[in-house]
Amino acid sequence: MLSPTKNSLKKVETLAKELGYTVRYEKGHFQSGYCLVESKKVVVVNRFFDTEGRLNVLYDVLSTFREEAQGELSDPSRKLWKKLRPFLGIRGEEE
C-alpha cells in the first residue's frame, strides 16, 4: 500500500475519479463507504477521518472494482492501479 500522506490520498482520489467514482467528504455520524445514487458511483467519506482512514475507505471501495478500465486511465493512474491491484485482491490481465 501507499504511505498515508496527503499526496498519496490525492493520487488515489484521482484514480477513483478516473474509474468513475465521485468522492465526497461529508460530516456526520456514519460509517464511510460507497453507494449507488441513480446509477452513479458515489464514495462518501467521513470528513473527520484522518488521511490514513480516508485512504483505507478508498482502498476498500476500489477493491470491489472488477472492470478493466486500463484504456480510460491516465498514465500515472494506470501505474498506480497496477501497483495497488495485488494489495486490493484484484486479478486481471497483466500488461
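The values are calculated or read from the model by the stated rules, or taken from the named source; none is laboratory data. Keep in mind the model is a prediction, meaning the values are calculated, not measured. Note: ideal-geometry Cβ built from the backbone for every residue, glycine included; neighbour counts use all protein chains shown.
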If you go through the stretch 61-95 one residue at a time, how many are in a helix (DSSP H, G or I) and at pLDDT 80 or above?
17
For the stretch 1-60, give me every one of the strands (runs of 3 or more DSSP E) that falls completely inside it and has 1 or more residues that are in contact with a Pro (Cβ under 7 Å, 6 or more places away or on another chain) and of a type in the set (Asp, Glu).
none
In the stretch 8-54, what residues are of a type in the set (S, T, N, Q) and closer than 21 Å to PRO86 by Cα?
SER8, THR14
Considering TYR25, TYR34, which residue is modelled with pLDDT of 90 or more and of a type in the set (Ser, Thr, Tyr)?
TYR25
